[in-house]
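Everything below concerns the one structure shown next.
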Amino acid sequence: MAPIFVRIRSRILKTDILLSTRIEVDAFKWNSAHRSVNALSNFRSTPLGAEIFDKLNKVENEINLHLAQGEKLTTDSARAYIDNVIYEERKAQEAQEREERKARKKSTEKMTLGKFVDKYLMEIKAGKRQTIKGTTYAPLTIKAINQALNQFKLFEETSRRNDDFNDIDLDFYNAYTAFLRGRNYSINSVGKCVKELKSVMAVAEAEGYHNNGKYKDKRFKGTRVDVDSIYLTREELDRMMAVDLSKKYIGYDQARDIFMVGVWTAQRISDYNDIQKDDIHTSVKRWIEDVPDPDHPDQTMEVIRKKETTYIDIRQKKTGAKVTIPCSSQLKSILEKYDYQMPKLYDQLINRYIKEIAKMAGVTDLIEIETTKGGTPVKEKVAKYTLVHSHTARRTGATLMYLSGIEVYDIMKITGHQTPEMLRKYIKADSLEIAEKLADKYDYFN
């Protein structure tokens, strides 16, 4: 095998360069082909000869083009032009291979629904993804979203499915909700799981990962029903406060006090179980008032009146909203008992102790409740104390404020509810109590 060289000569440009074309050929065949015109013609008609002379012709044309343009070729520039021709196919092949590798990499890195769910959860936990209000997600909200989306991941795993964005349609919805009902999830729990998956789909669509609008079908919805939650009356609260806990573990007394703080603040336990002394403030209001002068009955005198108001500032963990709550005498008494530093108890302990205290206080009326199990409504009667838990305090506080005549919008400023509709669903006064409230407020019913 021997290399074929190219000779580049130009008297005008004073160029004389000898370079290997990097093409190798069988020397015997090459020499035999050049013995006659017929031999050369026969060689060029063979596949090998055709390939060699095709490249040599391209080299010649390339070099002549630059010479015709008056370019003064150097060894390096001539080398580059020759290599461009000789390696043209190889470069094209390498470029194609690069594109194929790029396509394979892009395919493996393609965002899927499963990957996006993981990415979504990771980003809200890290604070990289914010709410529509531009705030970070609260810990309790993150926990709820995580629990709901984990059900989707469990469904995919146990059903051996691999649903992607475009697979989320009514058939998927029916299979997914059937799976959740099979796990004895309530209607509200099923609705929460569907709602969070729809939120993920909406975010992914907005970010350009898919254009599947089937999840927006009105039948693809997260159903929610109003559950039978209770509240405690003032008389029941008084009975619970009167229960003798002197022979009980100190945690019972602390749990009762923590629960009552929840009643008088109408906050979630995650907020009122973490009240610090720095959260308590006192404002003083002074004004001048005319009163009868005891020394001159026909005259008045000015006196300075003063009123102190103690209030609590709380930043709600779930919503991030800041609320200011006036301290009632009951609330102030409990806070002073602990020097404005409430004890800490786990939610589970509070729930266990407060149920027992409610039972000791005679909160034992039978309550008919309606729940959903596996999507089927179920009615049963249970003792009221069994339904008491830490969140009952917040619902009780909101309901008692409503029954006392406080306007809904004023209650919202304390509870942190963003719409009257949300608060009204939260208030659990029965129809008789609402009727009595209306009769007391409006002369129309008198």
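Quick notes on this structure:
- Among Asp244, Asp290, sorting on how many other beta-carbon atoms sit within 10 Å of each Cβ, with the fewest leading, yields Asp244, Asp290.
- Using the Cβ-Cβ distance between Val408 and Thr136 with R0 = 35 Å, the FRET efficiency computed as 1/(1 + (r/R0)^6) comes to roughly 0.75.
- Relative to the 2.2 N^0.38 Å rule of thumb, region 137-179 has a C-alpha radius of gyration ratio of 1.31.
- Here is how the number arises for the chain: DSSP H runs of 4 or more residues each give -39500 (n - 2.57), the sum is divided by the residue count, and the result at 222 nm is -16500 deg cm²/dmol.
- Close Lys pairs in region 2-105 (alpha-carbon distance under 26 Å; sequence gap of 8 or more, or different chains): 11.
- Linear extension gain, Lys115 paired with Thr158, 0.36 nm per residue minus alpha-carbon span: 13.7 nm
- Region 258-332: relative contact order in percent, alpha carbon pairs under 8 Å with at least 6 residues between: 30 percent
- Fraction of C-alpha pairs exceeding 19 angstrom in region 2-105: 55 percent, rounded to a whole number.
- Listed values (1) 16, 32, 18, 12, 12, 8, 1, 0; (2) 28, 58, 14, 0; (3) 26, 54, 18, 1, entry calculated as P(r) over Cα pairs in 20 Å bins from 0, in percent: (1)
- Summary value for the chain: 13 percent relative contact order, contacts being C-alpha pairs under 8 angstrom separated by 6+ residues.
- Extension gain, Glu302 to Gln96: 0.36 nm times the residue separation minus the Cα-Cα distance gives 64.5 nm.
- Of the DSSP H helices in the chain, those whose Cα atoms cover at least 27 Å axially and whose Kyte score averages 0.5 or more: 187-206
- Here is the list for region 184-259: chymotrypsin sites (Phe, Trp or Tyr not before Pro) lying in DSSP coil, each with at most 16 other C-beta atoms within 10 angstrom of its C-beta, are Tyr249.
- Cβ crowding within 10 Å ranks Tyr311, Tyr353, Tyr120 as Tyr311, Tyr120, Tyr353, fewest other Cβ atoms first.
- Comparing Cα centroids, region 163-214 and region 301-360 end up 40 angstrom apart.
- Met241/Ala126 FRET efficiency (R0 35 Å; Cβ-Cβ; nearest 0.05): 0.20
- Potential extension, Gln69-Asp83 segment - 0.36 nm per residue separation minus Cα distance: 3.1 nm
Every number in this text was worked out from the coordinates using simple rules, so none of it is lab data. Given the structure is predicted, the values throughout are model-derived calculations rather than measurements. Ideal geometry is used to build each Cβ from the backbone, glycine not excepted, and the neighbour counts take in all protein chains shown.
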